[in-house]
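Comments concern the structure below.
The values are calculated or read from the model by the stated rules, or taken from the named source; none is laboratory data. Computed from a predicted model, the values in this text were never measured in an experiment. FYI the Cβ positions are ideal-geometry reconstructions off the backbone, even for glycines, and counts take in every protein chain you see.
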Amino acid sequence: MIVAKRKPFNEIKELISGSKKILILGCGTCVAVCLAGGEKEVAILASQLKMALGLVNEDVEIDELTIERQCDREFIEEISTKVNVDDYDLILSTACGAGVQLLSDVFDHKVVVPALNTTFIGVAEGPGMWTERCRSCSDCVLADTGGICPVTICAKGLVNGPCGGTRHGKCEIDPEKDCAWTLIYNRLKKLGRLNRMEQALPPKRYSVQQYPAKIVHEAYRRRYE
Amino acid sequence: MGDCHFLEGNLRAKERVEYTKKLLNEIGLGEGRLEMFHIGASDAPLFAEAVEIMTNRAKELGPNPLKCGAEKAEAA
Amino acid sequence: MEQDASQIKEQESTGETFEPKIEAFVCTYCTYTAADMAGSQRLQYPPTVRIVKYLCTGKVEIVHILKAFEAGADAVFVGG
């Protein structure tokens, strides 16, 4: 899932300054799971902003709404059945960057600002902790690397490793960080697939990754021609 | 502290209180108005003391600056 | 609000004392029992406190504390 982190409070305050009526719009999918932008976090942010603005005597009306997903038009359309977007000067979105952009597209006459910094695609290691696991490189090598991604976890993104900077299972750039290729070696050994490391992998095909990327499912091609 | 009925409910509360203090500092209300106390079932005097401590703190800090607004809204 | 704040100060200077409102979020198994016992032992403590009983303080949400302040609590404590 997408993992994000709330922007510093003062930055958010700056982003909304001058607005008289604000809608804080939460997203109930990835950012709700990573405790950054779901219904609870929207309630906390709204309460904080109301108090911070109350302390300086600013009269700002703040409403809250959380929808299932902001990266899907279907769910964004629901907003209009619950509130009148035109009543608001500004929408403060606690979705990831993708959600904020689709929201701006749909309400292109409204100012939409992000309350989060979108950080990575990752996994939940345990309550309150997430780690990055995928760089969405469009050319997955996990089959050859024992299910551990060197593109993401190796600081140099090496598809053939380890490099000379491996130090007792840690990385030369940061002794706190694991050496991806030590992890891969140990995993392949456990799986009895060490022979996978004997052959060098072909150079990574970075050209298959488009910027910005786009996928049209073959079965739906006719709609977009 | 280690004798919570639900094993670690109070430790979770403690973590959350500490985080909430940070949120209160961010908005400028200050963390002084919030505190966590570990008061066991047999610590009646400790409860009285906690109320005393927080009452004195509130008196030192003065009324909650947001109160006037809240009471106005209540009256309206 | 400034005006109100000055009014409060005025009240204080004219002898009307500020009675804080303290919100206590307490665990039913420990702190609530302690508070109950404080009552039966006739322990003296300020009448400023309002108690909210939780089945477990692990359920005290951040937003509960924030809402208490938003509603005008002068101080909040969690007991567990």
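A few notes on this one:
- Tally of residues being of a type in the set (A, V, I, L, M, F, W, C) and away from chain B (no Cβ under 14 Å) across the stretch A:43-72: 3
- So C:TYR32, is it modelled with pLDDT of 95 or more and more than 25 Å from B:LEU24 (Cα to Cα): yes
- Residue check for A:LEU201: outside the structural domain of A:GLY18 (by TED's automatic domain parsing) and modelled with pLDDT of 95 or more: no
- Here no strands (runs of 3 or more DSSP E) wholly within the stretch A:109-168 include at least 2 residues being more than 20 Å from the chain's Cα centre (by Cα).
- Unmet criterion (only one of (1) under 18 Å from A:PRO8 (Cβ atoms); (2) without any contact (Cβ under 8 Å) to a residue 60 or more places away in the chain; (3) within 26 Å of the chain's Cα centre (by Cα)) for A:MET51: (3)
- The stretch A:194-225 - residue that is surrounded by 14 or more Cβ atoms within 10 Å (Cβ to Cβ) and in contact (Cβ under 8 Å) with a residue 40 or more places away in the chain and, of those, nearest to the chain's Cα centre (by Cα): A:LYS204
- Remark: A:TYR185 falls outside the filter, which requires a residue to be out of contact with any Phe, Trp or Tyr (no Cβ under 8 Å at 6 or more places or on another chain) and surrounded by fewer than 10 Cβ atoms within 10 Å (Cβ to Cβ).
- Scanning the stretch A:17-42 for residues that are surrounded by 20 or more Cβ atoms within 10 Å (Cβ to Cβ) and assigned to a helix (DSSP H, G or I) yields a count of 5.
- Exactly one residue among A:VAL106, A:VAL56, A:VAL83 is surrounded by fewer than 19 Cβ atoms within 10 Å (Cβ to Cβ) and in contact (Cβ under 8 Å) with a residue 40 or more places away in the chain, and that residue is A:VAL83.
- Test: residue in the stretch A:205-225 that is more than 30 Å from A:GLN101 (Cα to Cα) and not assigned by TED's automatic domain parsing to the domain that holds A:GLY97: no
- Selection within the stretch C:45-60 - facing another protein chain (nearest Cβ under 7 Å) and either charged (D, E, K, R) or farther than 20 Å from B:TYR19 by Cβ (or both): C:TYR45, C:PRO46, C:THR48, C:VAL49
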